[in-house]
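Engineer: Pasting a structure below so you can have a look.
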Amino acid sequence: MNERNVGLIAHGGAGKWRPGSDDDAVEGLRAAVEKGRAVLLAGGSALDAVCATVVTLEDNPIFNAGTGAVLNFDGFCELDASVMASDGARVGAVAALQRVKNPILVARKVMEETDHVMLAGEGAQRFARVMGFGDHDPVTPDRQADWKDKREHVGDILGAGALKMRKFLKDHPEYAGGTVGAAAVDAKGVLAAATSTGGVTLKLVGRVGDSPIPGAGNYANAHMAASATGTGEFVMRSLAARDIAERMERGATLEAAMGEVLDRLGREYDADVGLIAVDRNGHPVARHRTRDMPHAYFHGTEAITSKMRV
Ligand code: ASP
């Protein structure tokens, strides 16, 4: 096995972390990447590695994915997730899925067990149950209290229109954030990406973000694997993850491509977003326009690096 070429990077959401929770976020990322690293160093696949990493983050209630996901306007969780592997452009996704513990694993089942790319809502839940995923309420007491507080002030937030909501989220990015994602390359040179989220707080019921959309919030091909975070509406409009891949197809390095894409997101949308990616050699890169984006990575035989911002 060529250990030099394996690599993995993961994020815990672009935004602003509440004072006091920084260390837990960075430590949570390190522990999750450790799981993916063990898979890769044992000769496992990039797909297994990103799923192991994202499952660990979904099970950690401080992140906005799986258990601990943020609540929608009506006060329940609708979960978005997707996985993609570069071999055969395999991809699977779930959107607005309720009451499962690990949406990323349901997304993987969509990829492996159906002819479809994405299942949404009730259909996604029905599929999950058939695949053996039991009923699980992802709402935590902390998220519920947060939702109650915000819901009481919803008039101030929404005001005359959603523009105020946009401004509010921009001024208080700690309000959302905490989405998780991972990108990796294995010893066979296969690249994979996985992304999972509860979306944005107080989102309208049925809102689907960028995380389950291939080419927007999650993407893998022969050049790179990437996961995006931040306000999904900007990531969907810009097809940010696919944009990185296209620039690399035209000869850019991963670092240059990510810099250009982030510049474009700033120029065109002033978007509060972040991106992580690896190239085919396992080289990891993280970039963000928000104050924070906890992330962790390793490359080859290197130890794991874990930090709150680039
Ligand atoms: N991108 C996610 C969404 O819009 C949210 C986030 O990354 O914070 O659903």
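Engineer: What list of whole percents do you get for P(r) of the range 219-289, with Cα-Cα distances grouped in 5 Å bins up to the one holding the largest distance?
Structural biologist: 3, 20, 34, 25, 13, 4, 0
Engineer: Next question. Against the globular-protein guess of 2.2 N^0.38 Å, express the Cα radius of gyration of the range 40-157 as a ratio, rounded to two decimals.
Structural biologist: Dividing the Cα Rg of the range 40-157 by 2.2 N^0.38 Å gives 1.16.
Engineer: Explain nothing, just the number: relative contact order of the chain, from Cα pairs under 8 Å at least 6 residues apart, as a whole percent.
Structural biologist: Reported as a whole number, the value is 28 percent.
Engineer: Which whole-Hz couplings ³J(HN,Hα) result when phi for each residue of the range 294-308 is put into the Karplus expression 6.51 cos²θ - 1.76 cosθ + 1.60, θ = phi - 60°, listed in order with x for Gly and Pro?
Structural biologist: Once rounded to whole Hz, the list reads x, 8, 8, 7, 8, 9, x, 9, 5, 6, 7, 9, 9, 8, 7.
Engineer: Quick one: Karplus J couplings for the range 75-82, per residue in order, coefficients 6.51, -1.76, 1.60, θ = phi - 60°, nearest Hz, x for Gly and Pro?
Structural biologist: Along the range 75-82, the couplings run x, 10, 8, 10, 9, 10, 7, 8 Hz.
Engineer: Rounded to a whole number of µm²/s, how large is the Stokes-Einstein D of the chain at 4 °C and 1.567 mPa s, given Rh as the Kirkwood radius over C-alpha pairs?
Structural biologist: 70 µm²/s
Engineer: What dipole magnitude, in Debye to the nearest 20, does the range 76-131 give about its Cα centre under +1 on Lys/Arg Cβ and -1 on Asp/Glu Cβ?
Structural biologist: Around 220 debye, computed over the range 76-131.
Engineer: Moving on to the next point. Fewest first, what order do 283, 116, 288 take by the number of other Cβ atoms within 10 Å?
Structural biologist: 116, 283, 288
Engineer: Let's see if you can work this out: charge +1 on each Lys and Arg Cβ, -1 on each Asp and Glu Cβ, no other charges. What is the dipole magnitude of the chain about its Cα centre, in debye to the nearest 20?
Structural biologist: For this selection, approximately 340 debye.
Engineer: Quick check: residue separation of residue 263 and residue 308 times 0.36 nm, minus the Cα distance between them. What number comes out in nm?
Structural biologist: That pair, residue 263 and residue 308, stretches by 14.1 nm at full extension.
Engineer: When a footprinting reagent is the concern and you count Cβ atoms within 10 Å, what order do 53, 231 take, fewest first?
Structural biologist: 231, 53
Engineer: Among 294, 205, 45, whose Cα sits farthest toward the positive end of the charge dipole of the chain (+1 at Cβ of Lys/Arg, -1 at Cβ of Asp/Glu, about the Cα centre)?
Structural biologist: With unit charges placed on the Cβ atoms, the residue in question is 205.
Engineer: Give me the angle, in degrees from 0 to 90, between the Cα long axis of helix 103-113 and the longest principal axis of the Cα atoms of the chain, rounded to the nearest 10.
Structural biologist: Roughly 50 degrees between the two axes.
Engineer: Let me ask another. Could you work out Rg/(2.2 N^0.38 Å) for the range 173-225, with Rg from alpha carbons only?
Structural biologist: Cα-based Rg divided by the globular estimate yields 1.36.
Engineer: Bin all alpha-carbon pair distances of the range 1-66 at 5 Å intervals from 0 and give each bin's fraction as a whole percent.
Structural biologist: Per 5 Å bin, starting at 0, the Cα pair percentages come out as 3, 19, 28, 21, 14, 9, 5, 2, 0.
Engineer: Amide H of residue 6: which non-local residues (sequence gap of 5 or more, or other chain) have their own amide H closer than 5 Å, using H built in the peptide plane?
Structural biologist: Correct list: 300.
Engineer: Cross-link list 203/307; 35/101; 35/203; 150/307: which exceed 22 angstrom alpha carbon to alpha carbon?
Structural biologist: 203/307; 35/203; 150/307
Engineer: Right, here's the next one. Could you state the angle between the C-alpha long axis of helix 22-41 and the longest principal axis of the C-alpha atoms of the chain, as a value from 0 to 90 degrees rounded to the nearest 10?
Structural biologist: 30 degrees
Engineer: Any idea what the dipole of the range 200-300 comes to, in debye rounded to 20, about its Cα centre with Lys/Arg Cβ at +1 and Asp/Glu Cβ at -1?
Structural biologist: Value, rounded to 20: 140 debye.
Values in this text are rule-based calculations from the coordinates and carry no lab data. Here the structure is a predicted model, which is why all the values come from computation and not from measurement. Ideal geometry is used to build each Cβ from the backbone, glycine not excepted, and the neighbour counts take in all protein chains shown.
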